[in-house]
Structures are given as C-alpha cells and as structure tokens.
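Structure first, then comments.
Any read-out appearing in this document is the output of simple, stated calculations on the displayed coordinates, not a laboratory observation. Only a predicted model underlies this, so the values are computations on that prediction, with no experimental measurement involved. A quick note on method: Cβ atoms are made from the backbone with ideal geometry, for glycine too, and the neighbour counts reach across all protein chains shown.
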Amino acid sequence: MNILLRAHSGLRYVVLGLLIAAIFAAFSNWKSNKSGDSKVYLFAFIATHVQLLIGLLLYAMSPKVNFGLISEKVFRFYSIEHIFMMIIAIVLITVGRIRSKKLEGADKHRTVLYFYALGLIIILAAIPWPFRNLGAAWF
Ligand code: HEM
C-alpha cells in the first residue's frame, strides 16, 4: 500500500509532464499540418492508464475511502470526487487518443489537443494539492 501510494503520488508529475508535452506537440503539429502520429501522445496515454490502475488498487485498500464517513471532507474527496473526476479525465484522454487514430493530418492533432487539454484541466482540479488540506503532500 505504501509503495503504491508513493508511486501514485510521484507519477502525478510524469502524467502532468507528458500531458503538457503532448498538448504542446499537438498544437504545433496541428499548426504545421504534420502528417503521422507523435509518440508523446501514446506515452501520455500510457502514463494516465498506469495511474488509473494504481488508483484502482489504492481505492480498494485506502482507509480514506470510506462511505460511512462521507460527510467528512477528506473521505468524500477520496471516496467520490477524486475517482469520479479522474475517471472522466482519463475517459476523455482515451476518446481523444482513439478518435485521433482514425484521423489524419491537422484533424488528428487538433483532436488530441482538445481532448488532452480538457483531461489535463480536470486532472489538475482533482489532485489533492497540499494547499487543499486533504492530508496529501507534494510528493
Ligand atoms: C491522472 C490521474 C490521477 C492522479 C494525477 C492522481 C493523483 C493522486 C495524488 C497526488 C494523491 C495523493 C497521494 C499522497 O497522499 O501522497 C492521490 C491519492 C489517491 N488516489 Fe489518485 N490520482 C489519479 C487517479 C486516481 C484514480 C483513477 C483513482 C481511483 C480509481 C485514484 C485513487 C486514489 C486514492 C484512493 C488515493 C488516496 C490514497 C490514500 O492516501 O490512502 N486516483 N492521487
């Protein structure tokens, strides 16, 4: 559980970094009408799915997931808000990835840009940043 939590916490920066890199690449590939795919789209997709898998394991084990204490902020956050928003974000990124694979040229990159950017915004909003007082740290 401790190892998974450390991995989940640190991997957030990998996910955020790869999503930002993919979004920048998608923007420039869109503007330059580039043909073909970009590996960074795939890497960002894989990183979010690894995070999803670790998250699901944590969800099954974490003492902060407890529906009996749902009226308390921290328990409500981990039991409902965190998982719900993260799954929506990951679904958006997955839809973006799958749709973009069927498209070519500027359309492909624009699709990645929109879906990944929306996913990124939701992920940023659903991370238990220390200033939100949800009992989580920066690492
Ligand atoms: C890109 C998606 C995600 C990111 C960036 C993310 C990030 C984080 C971070 C930073 C923490 C705090 C770790 C700490 O206390 O040091 C956390 C905790 C947690 N996450 Fe996620 N998460 C994601 C997706 C998910 C998903 C999809 C689930 C559930 C299926 C999940 C379940 C949990 C649980 C249960 C905890 C609390 C563990 C505990 O402290 O006992 N996460 N997450």
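Some values worked out for this structure:
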read-out	value
Thr111, Thr48, Thr94 arranged by Cβ crowding within 10 Å, fewest neighbours leading	Thr94, Thr111, Thr48
Convex hull of Cα atoms in region 2-132, direction-averaged projection (nm²)	7.9
log10 of Debye I(q)/I(0), alpha-carbon scatterers only, for region 58-139 at 0.12 Å⁻¹	-0.46
Calculated log₁₀ intensity ratio I(q)/I(0) where the Debye formula runs over C-alpha points of region 44-83, q = 0.22, 0.28, 0.34, 0.35 Å⁻¹	-0.66, -0.86, -1.06, -1.09
